[in-house]
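Presented below is the structure to which this report refers.
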Amino acid sequence: MTNQNIAVPDVKARIRMAIAMAISKPEFPALGGFLAISQKKLLKRLENGGGRGGGAKVSTWIDSMRASSPTRIKSTIPISETQEKSSWILHHPSALNQFEKIIQESKGKQIIMFLDYDGTLSPIVADPERAFMTKKMRAAVKDLARHYPTAIVSGRSRNKVYKFVRLDELYYAGSHGMDIKGPTKSHNYNKGNQGVFFQAANEFLPMIDEVYKLMLEKTKSVPGAKVENNKFCLSVHFRCVDEKSWDALAEQVRLVLNEYPKLTLTQGRKVLEIRPTIKWDKGKALEFLLESLGYGNSTNVFPIYIGDDKTDEDAFKVLKNSGQGTGILVSKVQKETSASYTLQDPSEVEKFLQHLVARM
Ligand SMILES: [Mg+2]
């Protein structure tokens, strides 16, 4: 095995500095402070309601989660909505229909692929532990990685997403990019840089672990609620929770989070995600990986990022703002997005990947 602890030195130094700045802001006191209070005491305090009103906060989270979790597509759409939809499709056309245009845009540049996992390579299923990708999809990603550097960028822990994908030739960015590792199998395009290894928020591991245990305890009263420990962040899954109980579950999450101001919350498809308040996201992971591959300031690179959720928007924004490459949103319904193109579902993603391989 190669030495996975060696990152590209310049990149590592620069990123370390960025992280140090992000977590040394005055509003973040020493990390130890929160661990001083015993779990028992904390649970007791939470039983008493935490003492702070948060009804408005909870309903904002739920509204935002609902917006990113469409349960079905309306069969009859009023005319104004139809017009709105066609204008949306005009601005975010199908990446399959526009495949040749995308290839034209990438001409003379190195394509680098970034793929989200849940909802992009695998369907969204009720049990997040069973979000398997198909054999055909795995074969498509394997073929893709033969020709283009390919990274999986997921909210799951790096180990978990690797267990689903099981391809050694890929880069993996788990925990929303806070945990990055290069491929263990080398390729022609990795000119000795595959030993990338980077963890953005090591200091937060004890806190995340502590909050995971608390969250398990506090959410067990809500049937169907599931808490997933993604190492550097947590997911509270609403997929199997009756919609009538969403408010109750979100309230439990709020009560725990109230005690940990150094953690923040984001909403996704039937999920609330808790992560460290550091300026690190899928967009930063994309930039880090581009630098690691030697394309930091290059104009000869064309990154393609495919994702389906709110957290992928950080990566879409990086591409849009830099004018490099393109973002592709996986969605059957219209959503506010910084992506340029769309694909309807994982089976269209598979076709798109196959097209990319076929043009080589
Ligand atoms: Mg996703």
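The values are calculated or read from the model by the stated rules, or taken from the named source; none is laboratory data. Just so it is clear, the structure is predicted and the values come from calculations on it, not from any experiment. Reconstructed Cβ throughout: ideal geometry from the backbone, glycine too, with neighbour counts over all protein chains shown.
General observations
- Strands (runs of 3 or more DSSP E) completely within the stretch 231-310 that count 3 or more residues being in contact (Cβ under 8 Å) with a residue 60 or more places away in the chain, within 16 Å of the ligand (Cβ to nearest atom) and under 30 Å from Ala95 (Cα atoms): 271-276, 301-307
- Residue-level check: of (1) part of a helix (DSSP H, G or I); (2) of a type in the set (S, T, N, Q); (3) modelled with pLDDT of 90 or more, Asn97 misses just (1).
- Filtered residue count, the stretch 320-351, keeping only those that are more than 16 Å from the ligand (Cβ to nearest atom), within 25 Å of Met137 (Cα to Cα) and not in a loop (DSSP other than H, G, I, E, B): 3
- Filter result for the condition that a residue is polar (S, T, N, Q) and surrounded by fewer than 24 Cβ atoms within 10 Å (Cβ to Cβ), over Thr299, Thr342, Thr311: Thr299
- Filter result for Asp143 (on the phi < 0 side of the Ramachandran plot, modelled with pLDDT of 95 or more, acidic (Asp, Glu) and within 16 Å of the ligand (Cβ to nearest atom)): no
Each row is one residue, and each column tells you yes or no for (1) surrounded by fewer than 16 Cβ atoms within 10 Å (Cβ to Cβ); (2) in the same structural domain as Gly182 (by TED's automatic domain parsing); (3) farther than 30 Å from Arg239 by Cα.
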residue	(1), (2), (3)
Gln98	no, yes, yes
Lys101	yes, yes, yes
Gln104	yes, yes, yes
Gln110	no, yes, yes
Leu121	no, yes, no
Pro128	no, yes, no
Thr150	no, yes, no
Tyr162	no, yes, no
